[in-house]
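See structure below.
Just so it is clear, none of the values below were taken in a lab; they were calculated from the coordinates. Quick caveat: nothing in here was measured; it's all calculated off a predicted structure. With ideal geometry, Cβ positions are generated from the backbone for all residues, glycine too; neighbour counts draw on all protein chains shown.
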Amino acid sequence: MGLQAYEYGLRPKDGFEVIKHFQLTSEHLEILNRLFTPLIGLQSIGLYHFMNQFVDNDNHITLTHYIFMNELKINLLDFRKHMDYLEAIGLVKSFVKHNEKHTHFVYQLVQPPTAYQFFNDPMLSVFLYSEVDKNRYQSLKSHFEKEYKDLSNYQQTTRKFTEVFSVPKTMVKQDNSYLKKVQNYSGIDLSNETFDFEMLRQMLNHHFISNEIIDKEARELIIQLATLYGLTVDGMRNIILNSITSNQTLSFEEMRKQARSYYLIEHENHLPKLQLNVNQVNDFNEQNQNHTENWLTLLDETSPIDMLASWSDSEPTQSQKSMIEELIEREKMNFGVINILLQFVMLKEDMKLPKSYIFEIASNWKKKGIENAKQAYDYALKVNKPKSYDVQNKKDRKYHSREKQLISKEKTPKWLEERNAQSKQQDSGNKDEKLEKDRQAFIEKLNQKWKEGDNK
């Protein structure tokens, strides 16, 4: 299972750099877009493309994970989810270095495989076949098939180097260690998978099959097929016995066919599909809940003035400070309640803090017995539409409704959007799913805002 953001403390302020040891070509793009997108999705492939722009950061500006959050409009847990997909499929390698004050990540983009490598990889080809229909699979495959000129009836007349150029008499000593080395695609990493090769060897010996037939390439293929199709040692023995050629060599193509046929018979003619690890999903959901609880606890302990400074990326005005002090003194509210209230208003009012509107909400929340950040957060989730605090602002909001719609895509989480119309069309199950997505978007937006300010 891949590492999640919480497993190594991934934060918006953590720095990163992107490296690659190859030149991304149009052929690579074709492979990524046509073959890998059906496997891991457009967002994951899009993240790969997005990261490529940070290779060779000539401006030497500090890169933080806030860039992903701000420009891709995703939270860090979603970022890690897509990185998990890229890492698991073999397109990205991740490295991290911690010290007392800073955490720095290095993301290495791996050169995509050639079409030949992809379609000859038993796992990639089978998973692609399972995601698209037969006709689409053949169409994708034929797109990359090239006709080569038959030169068997031709005589080669190519000149040799020494026939054209003289050989230098002196050699120049030079250090080439800093030249980039191409990081070729090495396939899906199955180094954590095991197979009982000793038992397989003993079984094959009973059939007078030499141990040399299972070389390094054969071992790799056996692990791939065993992992892909869930094959036992006995099943693999039968596949190998049926894949030995008349020259006493092992046909890899026949092994793949035999393994595929074996699986289809056992699973009602259905090939395996690319699925997430169940434990990974459960861990993700559990962490999501813990993340919310920690965030709410921190809000209860953070001064509203400090929160406001970090949220707006600027020092609060004197009138704003006075308003917060008056709010604390008059309403006797918990820090967490005020923090949620202020963030709630800013998100709804395009980062403005209308005093009368804030005190109206504060009075209402106090009457409802809201005493901490969690209660304020839960109540805010139930709010469907904004209130006007004066007639003129109501007219302004109506006049600028189209402009504010565009702004809300960046500033406002989905939980603040009007959902009355949708609620008539969706059942309770869909509501719960949407609420969970909206909740996470809200958490990440607020959490990264005030945390960033505290660490400047």
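Numbers for the structure displayed
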| quantity | calculated |
| --- | --- |
| FRET E, pair residue 364, residue 257, Förster distance 45 Å, beta-carbon r, rounded to 0.05 | 0.05 |
| Sum of side-chain charges, residue 305 neighbourhood, beta-carbon under 11 Å (Lys, Arg +1; Asp, Glu -1) | -2 |
| P(r) of the stretch 5-112 over all Cα-Cα pairs, binned every 5 Å from zero, in whole percent | 2, 11, 23, 26, 20, 11, 4, 1, 0 |
| Rounded FRET efficiency, nearest 0.05, which uses the C-beta distance separating residue 205 from residue 242 and R0 of 25 Å | 0.90 |
| In nm, spacing of pseudo-spin labels at residue 318 and residue 164 (7 Å Cα→C-beta vector) | 8.0 nm |
| The stretch 183-264: GluC sites (Glu not before Pro) in DSSP coil with no more than 16 other Cβ atoms inside 10 Å | 193 |
| Contour minus Cα-Cα distance for residue 117 and residue 294 (0.36 nm per residue) | 59.1 nm |
| Too-long pairs where the Cα-Cα distance tops 24 Å, listed order kept, from 13/382; 73/348; 20/81; 348/368; 321/348; 149/216 | 13/382; 149/216 |
